1. Restricting attention to the stretch B:202-224, does a residue exist that is farther than 30 Å from B:Met436 by Cα and of a type outside the set (D, E, K, R)?
2. Taking the residues in the stretch B:538-566 that are of a type outside the set (Ser, Thr, Tyr), open to solvent by 60 Å² or more (accessible area, probe 1.4 Å) and within 30 Å of B:Tyr471 (Cβ to Cβ) as candidates, determine which candidate is farthest from the chain's Cα centre (by Cα).
3. Right, B:Ser293: within 14 Å of chain A (Cβ to nearest Cβ) and open to solvent by less than 10 Å² (accessible area, probe 1.4 Å) or not?
4. B:Val310: of a type in the set (Val, Ile, Thr), over 26 Å from A:Pro84 (Cα atoms) and either surrounded by 23 or more Cβ atoms within 10 Å (Cβ to Cβ) or more than 14 Å from chain A (Cβ to nearest Cβ) (or both), yes or no?
5. Quick check on A:Arg172: is it at the interface with chain B (Cβ under 8 Å from one of its Cβ atoms) and at pLDDT 80 or above?
6. Name the helices (runs of 4 or more DSSP H) wholly inside the stretch A:1-91 in which the number of residues that are at the interface with chain B (Cβ under 8 Å from one of its Cβ atoms) and open to solvent by less than 50 Å² (accessible area, probe 1.4 Å) is 3 or more.
7. Kindly indicate whether any position in the stretch B:56-73 is among the β-branched types (Val, Ile, Thr) and either in contact (Cβ under 8 Å) with a residue 60 or more places away in the chain or in contact with a strand residue (DSSP E or B) (Cβ under 9 Å, 6 or more places away or on another chain) (or both).
8. Need at least 3 residues that are at pLDDT 70 or above and not hydrophobic (A, V, I, L, M, F, W, C) per element, so show me which helices (runs of 4 or more DSSP H) inside the stretch B:515-612 make the cut, counting only ones lying wholly within it.
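The values are calculated or read from the model by the stated rules, or taken from the named source; none is laboratory data. What you see is a predicted model, and the numbers here were worked out from it, not measured in a lab. Note that we place each Cβ from the backbone using ideal geometry, even for glycine, and neighbour counts take in every protein chain shown. With ligands, DNA and RNA removed, areas are computed over all heavy atoms of the protein, side chains included. Shrake-Rupley method; radii C 1.70, N 1.55, O 1.52, S 1.80 Å.
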Amino acid sequence: MSVATAWATPPTRTELIENLVSGVDRYNPSNVSILEDYLYHQIRSEEYDCLANLAILKLYQFNPDLYNPDVVINILIKALTSTPFPDFNLCISLLDERLVNTNPDEPDPLPSLLPVITELHTLLQQCRFPAFWQLYHSDQAESLRDNYTVECVGFEDSVRNVVVQTVKAAFRRIGSDRFGTYLNLSGNDLTSYVEKLGWTIDSSSGSGVIAIPPNPDNQIESTVVQENIQLPQLVKLIAHAQTA
Amino acid sequence: MAQQRKALWEADLDEDFHDVDLNLAIGNYGQNGLYDDAAQPRIDEATLIAVQQQVAQQAALAAIPDPVKRFIIHFHQAVLDNNLGEITVAYESGWNRLTEKFYAKTEWPEAEVIAPLVNDDQIFLILYRELYYRHVYSRIQPDIDDRYHSYENSCELFNYLLNSDGPVPLELPEQWLWDIIDEFIYQFQSFCVWRSKVKAKTEEELMVLVDGNQVWSSYSVLNVLYSLIQKSKINEHIVALQEGKGKDEINEIVGEYGSRPLYRMLGYFSLIGLLRVHSLLGDFTLALKVMDSVELNQKSPFTRVTACHVTTYYYVGFCYIMLQRYPDAIRAFVSVLNFILRMRQYHTRSYQYDQINKTADRMYALFAICNALSPSRVDDNILNVTKERYGEQLAKMSRGEEGLPAFEELFLYACPKFISANPPPYEEAELLQAYMEDPPTEPAQRHLSLFLADVRAKAPVPTLRSFLKLYTSLDASKLANFLDADEEEMVQQLMVMKRASRSVSRMENEKGLLGGQITSTSDLDFVIDENMVNIAESTVGRRYAGWFIRSTEHAQRVLDTIRHAALPISTIKSAAPAPAHSKDTPTNATATVNPSRSGGQRVAWGASVKAV
């Protein structure tokens, strides 16, 4: 299954959700609870379904009274872990500007948390991993950590996965110190994480260098794109020469 | 006495006819005491207004120029007869010619006025009103009444098409069907933009907006498009065609609505309409998803209407840009821009031509953006035209951070006119006040800032690229020195560059527009080996085969033509006797050539001899 098809139709999506996302029922406001439940399922079981979450946001777009800020923040957090796919941007595209909230009983946490989440996403986009972890563990993101990411199973691991994907593509060997800062792990944690990935640490040169197994992205070779002339292209030419 | 009175009344009526003031005439009539009922004045007022209107309409009808009247009658007859050829001619050239001639700055006559000409045929009047409002929206600023009435008219039209008992016996040219859908969405967009401008509204407009808040709502627009798609079963139809089913089987699958060309084309154009509406609302994945069954190639039905073709590619390309799939976007723009260049000479119908050119210009801007973000080997033709138009911006954009304003400028110029799905809170005055004081950012600005965030993230790439091109292997700290940057930061920028060179791109056999594989888009590849950067560049060998084959085939064609052409026997025969009779037949054209040539030779000989 190609990469993008898996992104558009994850194998973990059930048929019910598939019908909702692909059909006209997605516009029915009463279906929003089904999609919200599916989101919570994703949070608890480390799955991810981008289009279903976008469907929730679209329902919020058309029915502002259905708006639930917790759901939105959870969707954004999940989208963070899907970098480098453009999911985060797509989610923000669907969040129309909120009207001034006149309901003081239930304060809207989104406006205060949105800049933090956006900044986290920007750092991930720019591959500034150490800065990401710094911001994530700072006081600014405290509310985010305490209320949302703590519920999202494996959030930090998913972010580490993003890091690993990036590093795998760009490096053939990477110093373990550097890798540790990217992952926000050190010492034994780092060693066990690397072993889990199946990579080898070569501790001979000082602080250790991690060798990354070859993959299509980190094998480079100079190629000259040669022309490939096929016989059928020359058929007309040759046939004419024969008859002439 | 009676006769006198009648004459007087008639005389008054004639004068009043011109001034449309019947008060005097009917006033007299009432005063004669024939009817004494107290209720009489009220009835008189009603009839007064009705007769006034009728007379006004009759006056207006008389004021219509004759060619227009003839056109309307002819048009109506063609529609009644389902004469597709005549309708097409009337629709495409007749209407536009008459608009240019008589109604360039004013509205066409209202439907009620021309109703007598067409025997009050309601269906035709609905179609007429569709054209009438289209004219108003394009040439004249529509006011709030126009907007509401055009919505009602559209609803009536779609109601007639969708909710009659069975498919309607109407046949309209494809261009018109596309224009109906296109205009419907355009009026929706225009209304949303107008609606969000809170400050310039009058009291009256505010009231009307509060009352009629279902008018032009997003749900109703989407409802129309989805209903057309469902009624015509267009998706099943396309799938069946792709599976190669026979005509009868297809007709069975799509039912009585889908087998009629009117509904089939409307369903098809609604798919493109949905693509457009979803893009305007900011839902790019859904926009591409609805086009799942439509194949983007030159054989698809949407290419039959040029405006539709151009619109489709524009929105598909734009969605790809927002999905950060730049290679796919480039591919879409290149194919449609090539098409427009080729068909330019055939399309001179003015109103369509201008719009297509405008869209083409925007697509060149978007192409420039994509090329700056994801440089790749691309069609030279298109790149040259883009350089002509946007050369300055192209240069700025390849300079990383400095190029951000150029990106912003081009993006804002070329993006669709986004709308926000929700109206400002007209129902509640205090919310409205708060809204006016602190208006939310416009949708276009929101999308722009998302786009710029991505551009900013990729800003270091061009500089890094220019450095890496010079080396095959380079130490990271050395590179950091060159760039005057911290080594760690530089490594991170290298990771960004690596990520930027990989894009999801749709290969040949992907189903649907959202599918794709990760491909490399850059010819410069590198890998970091602890602290050493190893670089590899891929180049393209010289391509000569295509040119060679084409030239050979051309030469073959020329050779064949010459071989099969008649031998020029006659001119040789006439040239042979000419020199013999040169003195006798000086008027023979070839003869004059020969002696002059020999004469010239003689002169030359003579000259040279003389010189010696």
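1. Initial filter on the stretch B:202-224 (farther than 30 Å from B:Met436 by Cα): B:223-224.
Imposing the further condition that a residue be of a type outside the set (D, E, K, R) reduces the set to B:223-224.
Yes, that holds for at least one residue.
2. Looking at residues that are of a type outside the set (Ser, Thr, Tyr), open to solvent by 60 Å² or more (accessible area, probe 1.4 Å) and within 30 Å of B:Tyr471 (Cβ to Cβ), I get B:Arg542.
3. Judged against the criteria, B:Ser293 is not a match.
4. Values: of a type in the set (Val, Ile, Thr): yes; over 26 Å from A:Pro84 (Cα atoms): yes; either surrounded by 23 or more Cβ atoms within 10 Å (Cβ to Cβ) or more than 14 Å from chain A (Cβ to nearest Cβ) (or both): yes.
Spelling it out, B:Val310 is indeed of a type in the set (Val, Ile, Thr), over 26 Å from A:Pro84 (Cα atoms) and either surrounded by 23 or more Cβ atoms within 10 Å (Cβ to Cβ) or more than 14 Å from chain A (Cβ to nearest Cβ) (or both).
5. Numbers: at the interface with chain B (Cβ under 8 Å from one of its Cβ atoms): yes; at pLDDT 80 or above: yes.
Criteria met by A:Arg172.
6. Qualifying helices (runs of 4 or more DSSP H): A:3-8, A:50-62.
7. Looking through the stretch B:56-73, none of the residues is among the β-branched types (Val, Ile, Thr) and either in contact (Cβ under 8 Å) with a residue 60 or more places away in the chain or in contact with a strand residue (DSSP E or B) (Cβ under 9 Å, 6 or more places away or on another chain) (or both).
8. Here the list reads B:545-564.
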